[in-house]
Amino acid sequence: MTDGPRPTETQAWQALKIHREEMGGAGLRQFFAEDPGRGERFCAEGAGLFLDYSKNLITGKTLSLLVGLARERGLEARRDAMFRGEKINVTENRAVLHTALRAPRSASIMVDGRDVVPDIHAVLDRMTDFSDRVRDGRWLGCTGKRIKNVVNIGIGGSYLGPEMAYLALRPFSRRTLNFRFVSNVDGADFTEATQDLDPAETLFVISSKTFTTLETMTNALTARQWVVEALGRKDAVAAHFVAVSTNDAKVRQFGIDTANMFGFWDWVGGRYSMDSAIGLSTMLAVGPENFRDMLAGFHDMDEHFRTSPLESNLPAIMGLLTVWYNNFFGAQTMGIMPYASCLKRFPAYLQQLQMESNGKHVDLGGRFADYQTGPIIWGEPGTDAQHSFYQLIHQGTKLIPCDLIGFCRPLSPLDHHHDLLMANMFAQAEALAFGKTAEELAAEGSPDFQTPFRVCEGNRPTNVILAERLTPKILGSLVALYEHNVFTQGVIWNIDSFDQWGVELGKVLAGRITPELTGAQAPKLGHDSSTNALIGRYRRLKGSD
Ligand code: F6P
C-alpha cells in the first residue's frame, strides 16, 4: 500500500473515534468491577514473554475494533511482505530483512534472486571463530600481549544495540575482558573511554554500516593514531582493529584488511542491526553460544509475530495500544520502565528504534500525515524512576502509558532484593491503574486539608511484560517484540518505518559550519542572525578571533 485511503478514512478508525467518545471517562476501577476475569483474559504469551495488558483503558470492544483497524490497514499482508523480503522500504527501494539475520541455517530467503541465509551464517561462523580466538587468547596484540579491552566505536544503531546488549547480558559476559563504547564526536568520549587502557591490550571494533559517519570515522582515526603512536608501529592496525560494515571499499581505505571485516547488507537498517555483525562486541562479551541463543529468542518472537492471530499477537497488540493512546487519547509520549538495572540502556535503545522509525510526517504516498504518528519514547529503570519522575505519571496532567518490564528470577545472587524490586513493579502498575480516592483517604484518617493533594486519579495505563529470567534468549525476544510493535504502528499510520531522511539536514549544515569554526580567518557568515552570532561568540571565546 502506498496511497489508498488514509488511516483516518478507514471504517475501523471512524468506529474507534465513536467508541472513544462513548467510553468518555470510564476507567479501570469500573472495567475491573464489571469484568472480574479481565486480569486473566487481557493477557497474551509468546516467545518466553508474558504480556498483561489488562490495565489499559480498553474494553473487549476496543480490542476488536483495534484488530479490525489492523486488518483494514492490511497488517498481515504487510508483515508477510516484510518476511518474504519485498522492498517495503519504498523510499530507499530496499528489502527489510532483519528477520533473516536470525533465521535458522535450514531456511531460505531470497533477495534479488539470491538466498541470503548461507551468507548470513557464513558471517556468523567467521564472527564465532574470531570471538573464540580473542576470548581464548589466540588473537594477540601486535606486541604479543593478550587482548584485555574491547572498544566499540560506532553511533546510533552501531552503538545503542551493542551497548544495551552488553549491559543487559553482563552477568553472562567474560569478566576478564573490559568493554567500552565510544560514540560521541565529543573528544571526551574517546579520552575517558581509553585513559586507563593499554593500547597493546586493546582491540577496536569499528562499527558503521556506511563507514562514512562523521562521528565514527573521527573517533576511528583518533583510535588509530592512539594505537600507532603508543606502539610505534604502523602494522599495529592489523592486530588492533576490526571493522563491521557493508562498505568494503571504505574499510580498505581506512587501512583495515577486509579479512578482518565482518559484513552485513543494505537490507538491515542501522536500528535493526544489533543481531547482525554489528553485534560482534556482544558476541565477544558473551560468547558465540549465548549470542546464538539471543538470535534464537529473536527468531521465536519473529515466528510468534508471523503466525499468531492478531488477537493474541504480542507485538500487534502492543502496537495497536500505542495507536489507541496516540491517536484517540492525545498521548504524546510513552514510558519504558524496565525493572532490571541491567536493562538501563533499553529505553535509549528503544528511543532510536521507535523514534527514528516512526517519527515521520508523510505517508507512503508522500502525502502529509494529518494525524499523529510516532510518540516520544523515554524511560529509566525502576525503582530509580519511582524516586525521580513517577510523581508526574501518577498525579500530573499528562497521560503517559508505560511499559513495565520485569523478571521472575534474578541474575544477581542477592535473591532477597528481587522480591522487593518486583513488589515495586506490581505495586506501581496497581497504583497507576486504580489510584486512591478521597473516600479511601478519609477512611484512612488522612487530614481533610491534605485530601486533594493526596488523591491519585488512577487510569494511568500500563503494559506489564514478565519473563522468567533475563537470559540472552529472552533479550532477543524482547527486542524483536519491540521491532514488530514498531512495525505494526508504522503499518497503521501508513508510513515508511525504515528510512530516516530527517537526520540528513543537520548533518549537511554541520558540514558547512565546521570550516567556519576551524578556519584561522574570521569567516564571512551567511546564516540567520542567531546562528551568525553564536558562531561569532564561539570563535571569540575559544580565542580564534
Ligand atoms: O544518523 C542516523 C544514522 O544513519 C542511523 O540510522 C544509524 O544507525 C547511524 O546513523 C549510524 O550509521 P552508520 O552505522 O552508517 O555509521
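Please treat every number below as a calculation from the coordinates, not as lab data. Bear in mind that the values here come from a model prediction, so they are computed numbers and not experimental data. Because the Cβ atoms are built from the backbone with ideal geometry, glycine has one as well, and the counts that use them run over all protein chains shown.
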Which pairs, out of 55/87; 250/507; 61/398; 87/344, put more than 30 Å between their alpha-carbon atoms? 55/87; 87/344
Treat each spin label as a single point 7 Å out from the Cα along the C-beta direction, and report the residue 508 to residue 266 distance in nm. 2.0
For residue 398 paired with residue 41, estimate the spin-label separation in nm (one decimal), with each label point 7 Å from Cα along the Cα-to-Cβ line. 3.4
If you average over every viewing direction, what projected area does the convex hull of the Cα atoms of region 486-545 give, in nm²? 6.0
Using a Förster radius of 56 Å, what is the FRET efficiency between residue 230 and residue 14 based on their Cβ-Cβ separation? Nearest 0.05, please. 0.25
Karplus-derived 3J(HN,Hα), 6.51/-1.76/1.60, for each residue of region 38-51, Hz, glycine and proline x: 4, x, 8, 8, 7, 9, 8, 9, x, 6, x, 10, 10, 10
Mind giving me the nanometre distance, one decimal, between the label points for residue 140 and residue 33, set 7 Å out from Cα along Cα→Cβ? 7.6
At what distance in angstrom do the alpha carbon centres of region 441-503 and region 205-228 lie from each other? 36
By the Cα gyration tensor axes a ≥ b ≥ c (a/c under 1.5 gives rounded; else a/b larger than b/c gives prolate, otherwise oblate), the shape of region 46-103 is oblate
Region 123-154: trypsin sites (Lys or Arg not before Pro) falling in loop per DSSP and having at most 14 other Cβ within 10 Å: 138
Share, in percent, of DSSP beta bridges within the chain that are antiparallel, nearest 5: 30
With a length cut of 27 Å (Cα positions projected on each helix's long axis) and a Kyte-Doolittle mean of at least 0.5, go through the chain and give me the DSSP H helices that pass. 472-493
Would you pull out the residues with amide H under 5 Å of residue 262's amide H, same chain only if 5 or more places away, H placed 1.01 Å from N? 243, 244, 245
So how long is each side of region 361-495 along the principal axes, counting just the alpha-carbon atoms, biggest first, in Å? 60, 45, 20
Using alpha carbon coordinates only, what is the Rg to Rh ratio of region 1-156, with Rh defined as the Kirkwood radius? 1.16
For residue 333 and residue 107 in the same chain, what is the full-extension length gain: residue separation times 0.36 nm, less their Cα-Cα distance, in nm? 77.5 nm
Apply 1/(1 + (r/R0)^6) to the Cβ-Cβ distance of residue 501 and residue 456, taking R0 = 45 Å, and write down the FRET efficiency to the nearest 0.05. 0.60
Once each part is reduced to its C-alpha centroid, what is the distance from region 125-204 to region 26-75 in angstrom? 43
Return the FRET efficiency for the residue pair residue 448, residue 64: r is the Cβ-Cβ distance, R0 is 45 Å, and the value is rounded to the nearest 0.05. 0.50
Report, by chain and number, residues whose modeled amide H sits under 5 Å from the one on residue 55, excluding near sequence neighbours (fewer than 5 apart, same chain). 462
If I take the Cα coordinates of the chain and project them onto the principal axes, what are the three extents in Å, biggest first? 76, 62, 55
Straight distance only, please: which aspartates and glutamates reach the Cα of residue 145 with their own Cα at less than 14 Å, same-chain residues fewer than 8 apart left out? 136, 198, 201
Cα convex hull volume per residue for region 1-51, in Å³, equals 130
Within straight cross-link reach of residue 17, meaning Cα distance under 12 Å, which aspartates and glutamates are found once same-chain residues fewer than 8 apart are removed? 9
Tell me, what HN-Hα J-couplings in whole Hz come from the Karplus equation 6.51 cos²θ - 1.76 cosθ + 1.60 at θ = phi - 60° for each residue of region 258-266, using x for Gly and Pro? 5, 5, 9, 10, 10, x, 8, 9, 5
